[in-house]
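Asks: Have a look at this one before I ask anything.
Rule-based calculations on the coordinates, nothing more; no lab input. Note that the structure is predicted; figures quoted are calculated from it, not measured. Note that each Cβ is placed from the backbone with ideal geometry, even for glycine, and that neighbours are counted across all protein chains shown.
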Ligand code: CP
């Protein structure tokens, strides 16, 4: 595997191998097979979880890691030229978060060196390592997602996490539901679509809520109506969802928008922290698979 930029380009068997390796890393049953190599992290959009998770993964794999600063391209150099120079310096992998949806296809096409790329989120297109850690988290609790009702709730339209998860969960036979108001809906095939949160929560194994992506909104949205209709409260969970529903969110959470504070601070919020914890091992496995 040369790159990890889109779930669509990864075989199901490769995904299974990565998830197994992540579990081995978590259980201290696997060791780094890429120690001493050099990896660069380039985040052109804000990030807390993904950036620190990749840093932690690189440290645990005994890699040398380098942060691009925002000044890297300030002199007008193209990303392609900067990356080709970094390759000559000895860097063999770039983890990139970029605001441009679909940047990797053009970048990989243009570049004249065998640099490995990992997509840390490109615009509203996809966030494949997030989907992998989400699946890893679900598998740990449920055993498998096959046939399980997984409801993805909220700002689907602007969410790279939703797009990546739908692609990945389809590969593993989940019963995917999308729940959003019209201003957040998106064209997604082979899933059940509803505007009604009650229907989405009924019999759901997982309720995956998404951040309202204020920075990507073209128009104002009726935020108080959104909170009323789609915000997860203790009352809605208790009335509509199974007792053992798993509440997930990729983070960062807008408290009292997607999820009420008392829910987030209760036992329901623990899985969201577990997602962050699991991300380190999943990203270790992805890096190790590319660089070994
Ligand atoms: N889930 C996620 O991508 O979070 P960050 O933006 O903090 O990296």
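Asks: I'd like the Kirkwood hydrodynamic radius of the stretch 43-169, using the inverse of the mean 1/r over distinct C-alpha pairs, in Å. Write down the numbers at each step before the final one.
Replies: Working: mean 1/r = 0.0616 Å⁻¹.
For the stretch 43-169, inverting the mean 1/r across all distinct Cα pairs yields 16.2 Å.
Asks: Something else now. Would you kindly compute the Cα radius of gyration of the stretch 64-128 and its largest Cα-Cα separation (Dmax), both in Å?
Replies: Here Rg and the maximum Cα pair distance are 11.6, 32 Å.
Asks: For the stretch 231-268, list residues with backbone N below 17 Å from a point placed 7 Å from the Cα of residue 214 toward its Cβ?
Replies: 231, 251-261
Asks: On to the next question. Pick from 89, 169, 61: which residue has the top mean-square fluctuation in a GNM of the chain where Cα pairs under 10 Å get a spring?
Replies: Highest fluctuation of the listed residues: 89.
Asks: Let's test this: bin the Cα-Cα distances of the stretch 129-191 at 10 Å from zero up to the farthest pair and state each bin's percent.
Replies: 22, 57, 20, 1
Asks: Still on this structure, I have one more. For the chain, calculate the relative contact order in percent as a whole number, restricting contacts to Cα pairs under 8 Å that are 6 or more residues apart.
Replies: Numbers: 514 pairs, mean separation 64.6, N = 292.
Rounded, it is 22 percent for the chain.
Asks: Kirkwood hydrodynamic radius for the chain: how many Å is it when counted over pairs of different Cα atoms?
Replies: Values: mean 1/r = 0.0510 Å⁻¹.
Computed over the chain, the radius equals 19.6 Å.
Asks: Follow-up question, since we're still on this one. Can you sort 187, 11 from fewest to most other Cβ atoms within 10 Å of each residue's own Cβ? Don't jump to the answer; show the numbers that get you there.
Replies: Values: 187 7, 11 10.
Arranged by neighbour count, lowest to highest, 187, 11 become 187, 11.
Asks: Under a point spin-label approximation (7 Å from Cα along Cα-to-Cβ), what is the residue 110-residue 238 distance to one decimal in nm?
Replies: The two pseudo-label positions are separated by 5.5 nm.
Asks: Connecting C-alpha atoms closer than 10 Å in a GNM of the chain, tell me which of 180, 276, 82 has the biggest fluctuation.
Replies: 82
Asks: Tell me the angle of helix 270-291 to the major Cα principal axis of the chain, expressed in degrees between 0 and 90 and rounded to the nearest ten.
Replies: Once rounded, one gets 30 degrees.
Asks: Just the number: Rg to Rh for the stretch 190-292, Cα atoms, Kirkwood Rh, two decimals.
Replies: Values: Rg = 15.8 Å, Rh = 15.3 Å.
Result for the stretch 190-292 is an Rg/Rh of 1.03.
Asks: Just to confirm the number: angle between the C-alpha axis of helix 12-26 and the first principal axis of the chain, 0 to 90 degrees, nearest 10?
Replies: 90 degrees
Asks: Which angle from 0 to 90°, rounded to the nearest 10, does the C-alpha axis of helix 79-89 make with the longest principal axis of the chain?
Replies: 50 degrees
Asks: OK, next. Could you check which residue among 121, 36, 269 shows the biggest mean-square fluctuation in a GNM of the chain with a 10 Å Cα cutoff?
Replies: Among 121, 36, 269, the largest GNM mean-square fluctuation belongs to 36.
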